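Okay, structure first, notes after.
The values are calculated or read from the model by the stated rules, or taken from the named source; none is laboratory data. Only a predicted model underlies this, so the values are computations on that prediction, with no experimental measurement involved. With ideal geometry, Cβ positions are generated from the backbone for all residues, glycine too; neighbour counts draw on all protein chains shown.
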Amino acid sequence: MTGSPPQLEPGWVDEVLLAGAADDVCLQLGVPVSRADLRRLVAGRGQVLAEAGLRRGGTVALCLAPSLAFIANLLAAWRIGAQASLLDYRLTPYEVDAALRRLLPQVVVTAEQQNAGGPLRGYAEITERVRTCPGGQPAATSHAVIQLSSGSTGPSKVIARHAASLVDEVTRYTQIDGVPRQGERIVSLASMVHVLGLVGGLLYSLHAGVTLMIPDRMTADGILAAVAAGTQPTTLLGVPFHIELLASVTSPPGLPMLTGMTTGGELVRADVHAAFRDRYNVRLGNMYGMTEVGVIATDLFGEYRPAVMPAPGFTIREQDGELHIALPASPYLGVQDPERWSDGWLHTKDAGCVDPATGLVRVLGRRDSQVSVGGLKVDLTEVEHMLAGLPEVASAVVVHDHAIEAYLVLADGACQSAVEREITTRLAAYKRPRRLHVVDQLPRTATGKLVRDHAALKGEHRS
Amino acid sequence: MTGEIGRPDVVAMLATYGERRPEQVPEEIDSLELAWLIHQVEQRYGLLDVDDDSLARMSTVTGAVEVLTEVLR
């Protein structure tokens, strides 16, 4: 990975993703979708987006739940040569407005009705609403996709990737042993609006001729039914929660088509790993990746656990206990933060080490305030800043112990219910503190800094 | 499929996810916890017939107890 990525013509979508036999079933979200169906759908959405004013070099924001509509609009936008910003459909209207003010897209695609289908639906059935924004700006860079990470109050948290970076990642997957091949099937439990489900699931499947299936319902029963519904060799793709959920099934049905499961994110406990292997007797693998670059290292056969092997083409080093990844250009837009990328190295903010003899990498947890909530990244400082900025709150500390919790000192005359209302308005559900502890004062260091130690906070709460 | 289910049962089943103590289970239930809870109930009582609207009502422990009481009646 040296030099700047080459700029791809919009034809990459047809060549890399949509090519293939017309009757090949490439997607299954409820009904099977053939490549001919998908090409028609993408062409149709391209026409709608073009009528809304989207052009090559233009900008569109997609705020859609995982769905055929999401896939068609994203591919259509890229096929036009536009830059697509992906906004998590779980964001509140307050958060979406803030993101749109920051990104200034020319066209916005939302759903007529969000959250359609209930909380456990694997995919939504959506009728899109396409809106042209009068003050929208064309793309300032040649990136194909923009994602906002949690904690986007800082200048370097807008993550951008070129089409070439996406194609590189898709190609990287083809070089990794244990990744499903043409004619096989992925049952994806990972949200396609985030990097694992988007590139590792959707884009790779389209490229490699693998059928991508999303279960109707994301319950244990629904997931196993989706696996059982096909005969092709099948890989489950998900996050650690899904291993724990499936490992807890005491008597799963025989699933001869299931060949393995791959998850992104932190490792599951050894007993959960063993229980899953015992129940299903298939490969259980782990991947380490980031929104900024996609998959970085893998252990798809569980042979290096708890370590992972760098993916082909990646150079990883340990610098003062932090993992750095060779990356020729910063993946962040706007004012650059040398704490996140400098001199050709992406600073992952993950503590870790690299074995000089084998190259194996151990990931030892975050060095910053980012936590994972069911596979979704949440920066606790974003939550804390939001709370501390409320007029009803005098001071706040946010910590994570099984769940996000907030310790608050209320402003004079303020009540907790008003704070709760503001949280619901301003934060997506997965970012919200699951518990609010109202205290008279927060523990501080001798120099007056707030203490973020959970035990100290709990002690203060009890006193 | 019939049975009785109360708040302590629901909290106890939720607590088995992530090795939590019952007092660490918050009132709000997120979608992963809901998937977990549904599976725990199904393992104990058999497959549930819960529609999307009812699942949406199970976003709190109180709501989950209400829905499960109706479904298991």
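So the values come out like this:
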quantity: Every residue from the stretch B:1-20 that is of a type in the set (Gly, Ala, Ser) and within 9 Å of chain A (Cβ to nearest Cβ); calculated: B:Gly18
quantity: Residue check, B:Leu68 out of contact with any strand residue (DSSP E or B) (no Cβ under 7 Å at 6 or more places or on another chain), surrounded by 20 or more Cβ atoms within 10 Å (Cβ to Cβ) and over 27 Å from A:Asp401 (Cβ atoms); calculated: yes
quantity: Hits in the stretch A:190-231 - residues which are over 26 Å from B:Asp53 (Cα atoms), among the hydroxyl-bearing types (Ser, Thr, Tyr) and either within 11 Å of chain B (Cβ to nearest Cβ) or not in a loop (DSSP other than H, G, I, E, B) (or both); calculated: A:Tyr204, A:Ser205, A:Thr211
quantity: Residue under evaluation A:Ala140, criteria (1) assigned to a loop (DSSP other than H, G, I, E, B); (2) farther than 26 Å from A:Trp341 by Cα, criterion not met; calculated: (2)
quantity: Selection within the stretch B:18-69 - farther than 18 Å from A:Thr219 by Cβ and assigned to a helix (DSSP H, G or I); calculated: B:Pro22, B:Glu23, B:Gln24, B:Val61, B:Thr62, B:Val65, B:Glu66, B:Thr69
quantity: Test: residue in the stretch A:92-101 that is surrounded by 20 or more Cβ atoms within 10 Å (Cβ to Cβ), in contact (Cβ under 8 Å) with a residue 60 or more places away in the chain and in contact with a strand residue (DSSP E or B) (Cβ under 7 Å, 6 or more places away or on another chain); calculated: no
quantity: Among the residues listed as B:Glu27, B:Glu23, the single one being at the interface with chain A (Cβ under 10 Å from one of its Cβ atoms) and either surrounded by 13 or more Cβ atoms within 10 Å (Cβ to Cβ) or without any contact (Cβ under 8 Å) to a residue 60 or more places away in the chain (or both); calculated: B:Glu27
quantity: Among the residues listed as B:Asp52, B:Asp9, the single one being acidic (Asp, Glu) and surrounded by fewer than 16 Cβ atoms within 10 Å (Cβ to Cβ); calculated: B:Asp52
quantity: Count - residues of the stretch A:103-137 that are in a loop (DSSP other than H, G, I, E, B), surrounded by fewer than 15 Cβ atoms within 10 Å (Cβ to Cβ) and more than 14 Å from chain B (Cβ to nearest Cβ); calculated: 5
quantity: Yes/no for A:Thr234 being over 25 Å from B:Leu48 (Cβ atoms), crowded, with 21+ Cβ neighbours inside 10 Å and among the β-branched types (Val, Ile, Thr); calculated: yes
quantity: Where a residue in the stretch A:57-76 is of a type in the set (Val, Ile, Thr) and its partner, wherever it lies, is not in a strand (DSSP E or B), with Cβ under 6 Å and at least six apart; calculated: A:Thr59/A:Pro105; A:Thr59/A:Gln106; A:Thr59/A:Ala139; A:Val60/A:Leu54; A:Val60/A:Ala77; A:Val60/A:Ala82; A:Val60/A:Pro105
quantity: Residue match in the stretch A:355-369 (condition: among the polar types (S, T, N, Q), at pLDDT below 95, part of a strand (DSSP E or B) and surrounded by 15 or more Cβ atoms within 10 Å (Cβ to Cβ)); calculated: no
quantity: Subset of the stretch A:389-422 [closer than 16 Å to B:Pro26 by Cα and within 14 Å of another protein chain (Cβ to nearest Cβ)]; calculated: A:Val399, A:His400, A:Asp401, A:His402, A:Ala403, A:Ile404, A:Glu405, A:Ala406, A:Glu420
quantity: Matching residues in the stretch B:34-49 - criterion: being more than 7 Å from every other protein chain (Cβ to nearest Cβ) and either touching a Pro at 6+ places or on another chain (Cβ under 9 Å) or more than 16 Å from A:Phe241 (Cβ to Cβ) (or both); calculated: B:Val41, B:Arg44, B:Tyr45, B:Gly46, B:Leu48, B:Asp49
quantity: Those residues of the stretch A:369-390 which are over 18 Å from the mean Cα position of the chain (by Cα) and under 24 Å from A:Ile316 (Cα atoms), in sequence order; calculated: none
quantity: Residues of the stretch A:383-427 classified as surrounded by fewer than 19 Cβ atoms within 10 Å (Cβ to Cβ), modelled with pLDDT of 90 or more and in contact with a Ser or Thr (Cβ under 8 Å, 6 or more places away or on another chain), total; calculated: 3
